[in-house]
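In what follows, a single structure is set out as structure tokens and then discussed.
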Amino acid sequence: MAKNLRIKSARAAKDMTQKDLADAVGAVRQTINAIELGEYNPSIRLCISICKALDKTLDELFWEGGMNSEEVTS
């Protein structure tokens, strides 16, 4: 699993610590740290909670490679 720098960046943009985000989504700081490091794959429920707390969409934070038109190959 790759690091999730998008969550870290979105969290920093909202001036939130890992603990702040964890408290907002009902998790522990270690879980947020593990997600950011790519060591933990969160449940869809936790993903949605993180998105709501950071005012982002699932695609913006969790979609591998993003949805750029150049990357769509169908």
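One table, with the values for the structure above:
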| read-out | value |
| --- | --- |
| Enumeration of residues in segment 34-58 that are among the hydrophobic types (A, V, I, L, M, F, W, C), exposed (fewer than 15 other Cβ atoms within 10 Å of the Cβ) and in contact (Cβ under 8 Å) with a residue 12 or more places away in the chain | Leu37 |
| Qualifying residue in segment 34-42 (condition: part of a helix (DSSP H, G or I) and in contact with a Phe, Trp or Tyr (Cβ under 9 Å, 6 or more places away or on another chain)) | yes |
| Residue check, Gly38 of a type in the set (Gly, Ala, Ser), in contact with an Asp or Glu (Cβ under 6 Å, 6 or more places away or on another chain) and at pLDDT below 95 | no |
| Selection from segment 1-33 of residues that are open to solvent by 60 Å² or more (accessible area, probe 1.4 Å), at pLDDT below 95 and in a loop (DSSP other than H, G, I, E, B) | Met1, Ala2, Lys3 |
| Residue satisfying all of: in segment 22-50; over 10 Å from the mean Cα position of the chain (by Cα) and among the hydrophobic types (A, V, I, L, M, F, W, C); nearest to Ala2 (Cα to Cα) among these | Leu37 |
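The values are calculated or read from the model by the stated rules, or taken from the named source; none is laboratory data. Computed from a predicted model, the values in this text were never measured in an experiment. Virtual Cβ from ideal backbone geometry, glycine too; neighbours counted across all protein chains shown. Side chains are part of the model used for accessible areas, which takes the heavy atoms of the whole protein and leaves out ligands, DNA and RNA. Shrake-Rupley method; radii C 1.70, N 1.55, O 1.52, S 1.80 Å.
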